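Throughout, read-outs are computed from the coordinates displayed, never taken from laboratory work. Note that the structure is predicted; figures quoted are calculated from it, not measured. Cβ coordinates were reconstructed from backbone atoms using ideal geometry, including for glycine residues, and neighbour counts include every protein chain displayed.
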Amino acid sequence: MFELLGIPPQVLLGQLLLGLINGSFYAVLSLGLAVIFGLLNIINFAHGALYMAGAFVAWMLLNYLGIGYWPALILAPLIVGAFGILLERTMLSRLYHLDHLYGLLLTFGLALIIQGLFRNYYGISGLAYQIPDILSGGQNLGFMYLPNYRAWVVIASVLVCFTTWFMIEKTRLGAYLRAATENPTLVGAFGVNVPLMIMLTYGFGVALAGFAGVLAAPIYSVNPTMGEQLIIVVFAVVVIGGMGSIMGAIVTGYMLGIVEGLTRVFYPEGSAVVIFVIMAIVLMIKPEGLFGRPA
Amino acid sequence: MTDSAANVLLNVSDLQGWYGESHVLHGIDFEVHQGEVVTLLGRNGAGKTTTLLAIMGMLEKRAGSIRFQGTELIGMQPRDIARKGIALCPEERGIFSSLSVEENLMLPPRIADGGLSVERIYNLFPNLYERRGGNQGTKLSGGEQQMLAIARILRTGAKFLLLDEPTEGLAPVIVQQIGHTIAALKEEGFTIVLVEQNFRFAASVADRHYVVDQGKVVDMIPNDQLEKNSQKLHDYLGV
């Protein structure tokens with residue numbers, strides 16, 4: 001077996017896979033943030049809390065109503081999305097004419113409240129969520145062992161990211177969204193109901209977070225702080241990719257997951273900060289982000 | 001010009017408008033008849049563009065009366081006004097850079113039957129047909145962008161068009177083409193309000209001219225009496 005810089009390939013590939021899985025979550029979450037930022041001009045700090053809520057909703061559906069993983073994969077994002085729409089209608093919609101900072105502060109406050117509520121009722125020790133039977137076990141690929149559920153996470157996230165990208169970049173609905181991102185006033189003057197679009201877009205972006213939460217439930221324990229830890233990294237991903245760039249958010253998400261995995265192999269001490277180091281470098285060299293347009 | 005009240009499509013009376021705190025329209029009065037091309041002439045900052053924005057409901061604060069086919073538009077949202085059959089081609093053209101040429105053309109939703117077919121539009125604007133595969137609407141030349149901005153509102157079924165300085169900054173040959181287009185649209189039964197600074201161009205396409213000065217309509221000159229009034233007009237426009 002070949003060795004690279006004294007690293008056994010099993011370790012390398014194992015970390016690459018782990019990086020790809022983390023990247024899957026980064027991609028789905030930063031995609032939601034990018035969609036929301038594009039149209040609403042709001043930096044949705046509640047995204048991590050809503051991701052966590054997605055995992056909890058899946059857990060509750062199972063433990064209180066006996067609804068399993070597969071229905072939860074659809075239902076939990078819908079529930080989280082509906083909750084997002086409620087937030088948008090009652091609170092966020094009052095801030096659109098103000099600076100980004102107000103939306104950020106409001107959603108930051110909401111994140112703390114949502115997280116606090118779950119912490120109050122469920123503690124911080126974490127709840128277990130079983131991997132669905134059909135995805136338990138794994139494949140021995142010869143050079144490494146691939147758990148089925150982790151493979152599914154990567155596939156599901158790629159599918160969701162691709163579908164979202166396709167909807168936004170290639171369909172008529174997406175053309176409305178892109179146009180309204182650029183000039184909502186003019187799109188409204190063409191007879192399009194822009195406030196409705198904004199509401200549904202927020203609901204959709206947040207539903208993506210809920211979806212990621214359900215995907216995460218069987219891997220990480222369902223925990224009130226699970227979103228808090230992740231969201232800071234995801235914000236760095238969005239900054240690196242470029243605020244509001246759909247493809248940028250997706251590609252950067254996977255890429256940085258892999259970079260993080262590789263760092264864990266070659267320089268483990270740096271793995272926790274590598275994304276932030278990249279963010280700092282990107283901000284210095286190309287402040288609009290790798291895929292962003294110059295402002 | 002017809003005086004029959006039944007033919008009045010748009011009636012603006014004592015229209016007041018504000019940008020934030022600053023009061024810019026101080027009582028605009030004019031009317032537009034079915035099938036007419038009417039211009040709003042005036043110096044920079046006279047309130048012509050603001051008047052169009054007020055009609056479209058895009059001004060934050062407005063007062064007075066804007067009646068379109070008998071319906072009062074003051075207090076209505078822009079999207080509801082658009083669905084009454086009014087379409088705006090804004091001064092800055094408003095071509096979307098994240099949309100392809102074709103997406104830009106197809107963007108405004110159909111609000112009524114009777115819009116021009118895409119074939120007819122490409123027929124009116126052959127340049128757009130050649131450029132339809134373009135990835136980015138804003139990569140077009142200024143003239144092409146202007147044509148695209150006009151073309152996209154012809155599909156929707158809106159028959160009342162507000163065109164804000166469509167000739168601004170364009171080469172004479174393109175100005176001429178836009179002039180032909182406006183004449184063709186009039187033939188097709190469109191009613192057009194045109195904001196212009198280019199007085200010669202206005203004279204070549206319009207039936208009547210309203211002169212706007214300091215947020216008020218100060219005069220109305222039918223196109224056939226333009227010669228007689230040219231000295232007066234020169235004084236108004238300061239040309």
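Observations on the structure shown:
- Gain on full extension, evaluated as 0.36 nm per residue between A:LEU101 and A:GLU169 minus their Cα-Cα distance, stands at 21.7 nm.
- Rounded if a/c under 1.5, otherwise prolate or oblate - the range B:187-239, Cα gyration tensor axes: prolate
- Scanning residues 5 or more positions from A:LEU290 or on other chains, those with amide H under 5 Å from its amide H are A:GLY241, A:GLY242, with H placed 1.01 Å from N in the peptide plane.
- Using the average count of surrounding beta-carbon atoms within 10 Å as a protection proxy, the listed peptides B:27-36, A:247-256 rank, highest first, as A:247-256, B:27-36.
- Available extension along the chain between B:GLU187 and B:ALA63 is 41.3 nm, counting 0.36 nm per residue and deducting the alpha carbon span.
- 10 Å Cβ neighbours from other chains, averaged over peptide B:76-84: 5
- Taken over the Cα atoms of the range A:1-93, the convex hull encloses 146 Å³ per residue.
- The label point for B:LYS84 and the one for B:VAL218, both projected 7 Å from the Cα toward the Cβ, are 2.9 nm apart.
- Computed on the range A:9-285, with alpha-carbon pairs under 8 angstrom and 6+ residues apart, the relative contact order is 42 percent.
- Between A:SER93 and A:ILE219, the C-beta separation translates, for a Förster distance of 30 Å, into a calculated FRET efficiency of about 0.30.
- Test item: A:179-187 mean partner chain Cβ contacts at 10 Å: 6
- For B:91-104, mean number of other protein chain Cβ atoms within 10 Å: 4
- HN-Hα J in Hz across the range A:102-107 - Karplus 6.51, -1.76, 1.60, θ = phi - 60°, x for Gly and Pro: 5, x, 4, 5, 4, 5
- Sum of side-chain charges, B:ALA206 neighbourhood, beta-carbon under 9 Å (Lys, Arg +1; Asp, Glu -1): -2
- Cα centroid separation - the range B:142-182 against the range B:30-51, whole Å: 16
- Spacing of the two label points (7 Å from each Cα toward its C-beta) at A:ILE7 and A:TYR122, in nm: 3.4
- Whole-percent pair-distance distribution, where bins are 10 Å wide, for the alpha carbons of the range B:5-237: 8, 33, 37, 19, 3
- Helices in chain B, meaning DSSP H runs of at least 4 residues, each add -39500 (n - 2.57). Divided by all residues, the mean residue ellipticity at 222 nm is -8500 deg cm²/dmol.
- Converting phi to 3J(HN,Hα) with the Karplus coefficients 6.51, -1.76 and 1.60 and the offset θ = phi - 60°, the range B:129-135 yields 4, 5, 9, 5, x, x, 6 Hz in sequence order, with x at every glycine or proline.
- Stretching A:THR185 away from A:GLU228 to a fully extended chain increases their span by 12.0 nm, per 0.36 nm per residue minus the current alpha-carbon distance.
- MRE, 222 nm, helices only [DSSP H, n ≥ 4, -39500 (n - 2.57), over chain A, to nearest 500]: -24000 deg cm²/dmol
- Applying 1/(1 + (r/R0)^6) with r as the Cβ-Cβ distance of B:GLU21 and B:ARG200 and R0 = 45 angstrom yields a FRET efficiency of 0.75.
- On the basis of the beta-carbon distance and an R0 of 56 Å, A:PHE108 and A:TYR145 show a calculated FRET efficiency of 0.90.
- Normalised by residue count, the protein assembly as shown yields a Cα convex hull volume of 188 Å³ per residue.
- Distant-in-sequence amide contacts of B:VAL37, defined by a placed amide H-H separation under 5 Å and a gap of 5 or more residues or a different chain, comprise B:ILE192, B:ASP207, B:ARG208.
- Separation of the B:ALA112 and B:LYS228 label points, Cα + 7 Å toward Cβ, nm: 3.4
- Derived scalar couplings between HN and Hα for the range A:12-26 equal 4, 5, x, 6, 4, 5, 4, x, 5, 5, 4, x, 4, 5, 4 Hz in order, rounded to whole Hz, by the Karplus curve 6.51 cos²θ - 1.76 cosθ + 1.60 (θ = phi - 60°), x for Gly and Pro.
- Inter-part distance where the range A:139-211 and the range B:56-108 are each reduced to a Cα centre, Å: 29
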